[in-house]
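Structure first, then comments.
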Amino acid sequence: MVVRRNSAVGEQDPAGGKKTAKATKKVAVKAVAPAKRAVASASEVKASPVRKSESHTALVRRARRINRELAEVYPYAHPELDFENPFQLVVATVLSAQTTDLRVNQTTPGLFAKYPTPEDLAAANPEEVEEILRPTGFFRAKTKSVIGLSKALVEQFGGEVPGRLEDLVKLPGVGRKTAFVVLGNAFGRPGITVDTHFQRLVRRWQWTDQTEPDKIEAAVGALFPKSEWTMLSHHVIFHGRRICHARKPACGACPIAPLCPAYGEGETDPEKAKKLLKYEKGGFPGQRLKPPQAYLDAGGKPAPPLGAG
Ligand code: SF4
């Protein structure tokens, strides 16, 4: 079994038309050009080469540039759930529905201390598990899922988490999204995680107009080599959590603004946008309470250092 860790790369785009920010929301980006690292200014973005149509080739180029850019912005992108083995990861991922990874990370140490194996959780008293899971919300349904999936692991897979999509999705509470998180991060098998952030961002970037997760997964998967799928998912989700928020995207502080057709959907004033940044981008801690060594820099500090803006 391989516990997947990290990777990275990056670049970006120049100016071109006279589209206003409002207009850019309706149309697609066509050409892209050389990379640059700094946060884009409003004037650069307004002049970015947005066109009414974009060829598939141009879309592939732009999508890959966004991913490379994000890889430079988040070279430490990783699953933000604390886990030490595939069993902990599948349970934590099920628990992460409708709550933050931080909340799950605060809850799972107590759960796994009491029930360290699938056998332990399969035999657990549901009421006791419910009490532990209460802070994560929907705790009765989540209790049912994690006990049910533990029983299935014991009865059907010898107490081991299977490393195949078709087996994982048969476990109670495990859909394709959870299965790909597990495959990508506990087994090193490429997968695209279409969560709420991923859906929102790929729509803003006009990578696809599909609305169903399975179809989004297929459409976006076709834009990238399979080997990049897992890290692509981390980059997109990191960006959605830190900068490109659902309600108030921090466009004025966004490093991929020149590549984004939705620039202007959020705050474009750089100073105001900076105040919207979250987690380490806003100078706060990330969500993991126990980041593995692979996510620390050479000096043993989280990368980037907690508190970095
Ligand atoms: S923050 Fe704004 S510019 Fe950046 S990706 Fe999101 S919508 Fe586009």
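The values are calculated or read from the model by the stated rules, or taken from the named source; none is laboratory data. All of these numbers come straight from a predicted model, not from anything done at the bench. Note: ideal-geometry Cβ built from the backbone for every residue, glycine included; neighbour counts use all protein chains shown. In case anyone asks, the SASA skips ligands and DNA or RNA and just uses the protein heavy atoms, side chains included. Shrake-Rupley method; radii C 1.70, N 1.55, O 1.52, S 1.80 Å.
Structure summary
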| read-out | value |
| --- | --- |
| Only listed residue being touching a helix residue (DSSP H, G or I) at 6+ places or on another chain (Cβ under 8 Å) and buried (at least 21 other Cβ atoms within 10 Å of the Cβ), chosen from 216, 243 | 243 |
| Residues of region 165-182 classified as in contact (Cβ under 8 Å) with a residue 12 or more places away in the chain and either outside any helix (DSSP H, G or I) or not assigned by TED's automatic domain parsing to the domain that holds residue 117 (or both), total | 5 |
| Which numbered condition residue 232 fails, given (1) in a helix (DSSP H, G or I); (2) without any contact (Cβ under 8 Å) to a residue 40 or more places away in the chain | (2) |
| Residue 210 vs. criteria open to solvent by 40 Å² or more (accessible area, probe 1.4 Å), in contact (Cβ under 8 Å) with a residue 60 or more places away in the chain and either farther than 28 Å from residue 53 by Cα or in a loop (DSSP other than H, G, I, E, B) (or both) | no |
| For residue 281: the one exception among (1) at pLDDT 95 or above; (2) crowded, with 17+ Cβ neighbours inside 10 Å; (3) part of a helix (DSSP H, G or I) | (1) |
| Those residues of region 124-161 which are outside any helix (DSSP H, G or I), closer than 24 Å to residue 194 by Cα and either open to solvent by less than 10 Å² (accessible area, probe 1.4 Å) or aliphatic (A, V, I, L, M) (or both), in sequence order | 161 |
| Yes/no for residue 210 being assigned by TED's automatic domain parsing to the domain that holds residue 240 and either more than 16 Å from the ligand (Cβ to nearest atom) or aliphatic (A, V, I, L, M) (or both) | yes |
| Complete set of residues in region 246-278 that are of a type in the set (A, V, I, L, M) and open to solvent by less than 10 Å² (accessible area, probe 1.4 Å) | 250, 256, 257, 259, 262, 273 |
